[in-house]
Amino acid sequence: MRISLFAIRCAVVLFPALARSQSAADSAGIRAAVLDYIDGWYAADAVRMERALHPELAKRNVFSDSGGRSRLIQMSAMTLVQNTRSEGGSTIPIGQRTDSVRILDIYGGAASARVRAATWVDYLHLAKFNGRWRIINVLWENDPKPPAPASR
């Protein structure tokens with residue numbers, strides 16, 4: 001059975017609660033994946049981390065070396081899970097841990113989210129993969145280092 005785009009648009013107009021419940025379910029799934037990712041990191045819980053990630057995840061950061069040249073740091077899902085298992089962010093004091101999640105956009109089976117963590121921000125791309133929201137890409141940016149105190 002094929003459903004026309006016109007029929008879908010009519011259903012959304014006539015039954016807006018149906019569209020909201022789908023969006024609410026997606027929002028909950030996205031939030032759960034992001035919290036598994038960041039809270040799994042803090043707790044050194046590799047099971048939660050692995051549940052959040054697509055196996056082909058790419059996590060990246062642009063780093064400037066001492067010469068001012070940009071370098072791309074890359075991490076795979078396997079490396080991130082192993083790092084989580086070996087200690088993760090468990091050494092970050094509990095009072096400094098933050099996990100503020102903001103969903104930036106959802107479009108069908110794709111979404112973007114932002115998480116404010118202890119000393120960095122992660123921008124995440126998620127996809128609905130076999131019915132579950134999984135993190136596909138992460139770009140992170142560390143907080144700027146405070147300026148060095150002026151010498152006297």
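Below are the figures for this structure:
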quantity: Pairs where the first residue, in segment 133-152, is farther than 30 Å from ALA25 by Cα and the second is assigned to a loop (DSSP other than H, G, I, E, B) and hydroxyl-bearing (Ser, Thr, Tyr), C-beta under 6 Å, 6+ apart; calculated: ASP143/THR119
quantity: Residues of segment 29-52 satisfying the condition of being touching a Phe, Trp or Tyr at 6+ places or on another chain (Cβ under 7 Å), surrounded by 21 or more Cβ atoms within 10 Å (Cβ to Cβ) and farther than 13 Å from GLY88 by Cβ; calculated: ILE30, ALA33
quantity: Index of the failed condition, ALA33 passing every other in (1) in a strand (DSSP E or B); (2) more than 20 Å from ASN142 (Cβ to Cβ); calculated: (1)
quantity: Selection count, segment 119-132, where residues are open to solvent by less than 20 Å² (accessible area, probe 1.4 Å) and free of Cβ contacts under 8 Å to residues at least 60 places away in the same chain; calculated: 1
quantity: Residues within segment 78-108 that are closer than 20 Å to LEU126 by Cα and in contact (Cβ under 8 Å) with a residue 40 or more places away in the chain, tallied; calculated: 5
quantity: Segment 37-56 residues that are hydroxyl-bearing (Ser, Thr, Tyr), paired with ones that are part of a helix (DSSP H, G or I) and open to solvent by less than 10 Å² (accessible area, probe 1.4 Å) (beta carbon under 9 Å, 6 or more apart); calculated: TYR37/MET49; TYR37/ALA52; TYR37/LEU80
quantity: Residues that are open to solvent by less than 90 Å² (accessible area, probe 1.4 Å) and assigned to a helix (DSSP H, G or I), drawn from segment 53-85; calculated: ALA77, THR79, LEU80, VAL81, ASN83, THR84
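The values are calculated or read from the model by the stated rules, or taken from the named source; none is laboratory data. Note that the structure is predicted; figures quoted are calculated from it, not measured. Cβ sites come from the backbone with ideal geometry, for glycine too, and all protein chains shown count toward neighbours. What goes into the accessible areas is simple: the full protein's heavy atoms, side chains included, and nothing from ligands, DNA or RNA. Shrake-Rupley method; radii C 1.70, N 1.55, O 1.52, S 1.80 Å.
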